[in-house]
Amino acid sequence: MTPIKLSKYVQDPFRESSEWHHVAAIADQLHAHLSTKDALQKIEEVNQPGKSSARVQDTFLEFAQELGFESEKTGLFCSDDLALRPDYFLELDSTGIILEVERGKTTINNMDLLDFWKCHLCPAASYLFLLVPQALRQNESMSPRKEFATVDRRLSQFFKTDNYTSVRGLCLFGY
């Protein structure tokens, strides 16, 4: 079984904040849960060609809810015109965390960038937890695409000082 990867990025002004330390601690709890033998086995079973991200979500939904995440929370965005909803949302004291799970369309359809943009537009969330496959095969004969490495390289650019957005921090999980 492949161990779960975790990359954390935070804007410099928030690096030592209690807010970021709280967010990072939640990420560590989720990472520890996803790294258990049982969770790894469940994820491996559903991270197969033709399976949806919803199947991956189902493997840890109960734990995410124990952490306080709510599924597809509505009313988080200023405009209903966009019809945006996160997979999961966790309200914190003065902000929140959007949690998104991707599988088949992670970089092919730029869903990683859409999830980042969604967090950027959400006044209720300043942090993004994004779960993506480490290696993605769309079909049995396809060579795996290195999704986690690609997403990590792309989204890390937003945490260089000149590229800051309203997303203060990112916790990128590779399953």
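What is the Cα coordinate range of the stretch 78-157 on the first, second and third principal axes, sorted by size from largest, in whole angstrom?
Answer, in whole Å and largest first: 46, 25, 20 Å.
Round to a whole angstrom and tell me the spacing of the C-alpha centers of the stretch 6-27 and the stretch 61-104.
18
For LYS8, which aspartates and glutamates qualify as cross-link partners when the Cα separation must be under 20 Å and same-chain residues fewer than eight apart are set aside?
Within the straight-line limit of under 20 Å, LYS8 reaches these aspartates and glutamates: GLU16, GLU19, ASP28, ASP87, GLU91, GLU100, GLU102, ASP112, ASP115, GLU147, ASP152, ASP162.
Considering only protein heavy atoms, with the full assembly of protein chains and a 1.4 angstrom probe, order TYR127, TYR164 by accessible area, largest first.
Largest to smallest exposure gives the sequence TYR164, TYR127.
Per DSSP H run of at least 4 residues, take -39500 (n - 2.57); add these up for the chain, divide by its residues and hand me the 222 nm value, nearest 500 deg cm²/dmol.
-10500 deg cm²/dmol
For the residue pair LEU61 and ASN109, what label-to-label distance in nm results when each label sits 7 Å from Cα along the Cα-to-beta-carbon direction?
Between LEU61 and ASN109, the label points sit 2.0 nm apart.
Would you mind working out the accessible area per residue for the chain, using a 1.4 Å probe, and quoting it in Å²?
Accessible area per residue, the chain: 50 Å².
If you roll a 1.4 angstrom probe over the protein chains with everything in place, what fraction of the accessible area of the chain belongs to carbon and sulfur, to the nearest %?
47
Take TRP117, TRP20 and sort them by solvent-accessible surface of the protein heavy atoms, 1.4 Å probe, largest at the top.
Correct descending sequence by accessible area is TRP117, TRP20.
Of ILE108, ILE97, which has the most accessible area with a 1.4 Å probe, and how do the rest follow in descending order?
Largest accessible area first, the list is ILE108, ILE97.
Which entries in LYS5/LYS37; LYS118/LYS160; LYS42/LYS118 show an alpha-carbon gap greater than 24 Å?
Over 24 Å apart, Cα to Cα: LYS42/LYS118.
Multiply the residue separation of GLN29 and THR150 by 0.36 nm, subtract the distance between their alpha-carbon atoms, and state the gained length in nm to one decimal.
Going from the current span to full extension adds 41.1 nm.
Working from the alpha-carbon coordinates of the chain, get Rg over Rh, Rh being the Kirkwood radius.
0.94
Rolling a 1.4 angstrom probe over the protein chains, ignoring ligands and nucleic acids, what is the accessible area of ARG55 in square angstrom, nearest 10?
Probe radius 1.4 Å; accessible area of ARG55 about 110 Å².
Could you give the C-alpha radius of gyration of the stretch 115-175 expressed as a fraction of 2.2 N^0.38 Å, taking N as the number of residues it contains?
Computed over Cα atoms of the stretch 115-175, the ratio equals 1.29.
What percent antiparallel are the DSSP beta bridges of the stretch 33-149, to the nearest 5?
60
Would you mind working out the magnitude of the charge dipole of the chain relative to its Cα centre, with +1 at each Lys and Arg C-beta and -1 at each Asp and Glu C-beta, to the nearest 20 Debye?
It comes to approximately 700 debye.
Heavy-atom accessible area of GLU70 with all protein chains present, probe 1.4 Å, nearest 10 Å²?
In the full protein context, GLU70 sits at about 80 Å².
The values are calculated or read from the model by the stated rules, or taken from the named source; none is laboratory data. Only a predicted model underlies this, so the values are computations on that prediction, with no experimental measurement involved. Positions of Cβ are backbone-derived with ideal geometry, glycine not excepted, and every protein chain shown enters the neighbour counts. Calculation scope for accessible area: heavy atoms of the full protein, side chains included, ligands and nucleic acids excluded. Shrake-Rupley method; radii C 1.70, N 1.55, O 1.52, S 1.80 Å.
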